[in-house]
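A.B. asks: Let me begin by handing over the structure; questions about it come next.
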């Protein structure tokens, strides 16, 4: 599993630039909502990265998985 990171830059102009790293698919848009609630800002521009178009895979521990074939 990759580390998920949120990078926030505060510019002297008062502009806030936020980047997500390690967040694939539409889940990155959830971070925009978090930022809006944290600092009460209006989002004026969104630029999607390649990670937005990727799918996140989940790995499940299958060590204790029982497979039955008599069903």
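A.B. asks: In nm, give the distance between the simple-model label positions of residue 38 and residue 5, each being 7 Å from the Cα along the Cα-to-Cβ direction.
C.D. replies: Those two pseudo-labels are separated by 1.5 nm.
A.B. asks: May I pose another question? I need the shape label for the stretch 5-53. Rule: rounded when a/c is under 1.5, else prolate if a/b > b/c, else oblate, with a, b, c from the alpha carbon gyration tensor. Spell out each step's value before the answer.
C.D. replies: Details: a/c = 1.97, a/b = 1.64, b/c = 1.20.
It comes out prolate by the Cα gyration axes.
Bear in mind these aren't lab numbers, they're just calculated from the coordinates by the rules spelled out. Since we're looking at a predicted model, the values are computed, not measured. With ideal geometry, Cβ positions are generated from the backbone for all residues, glycine too; neighbour counts draw on all protein chains shown.
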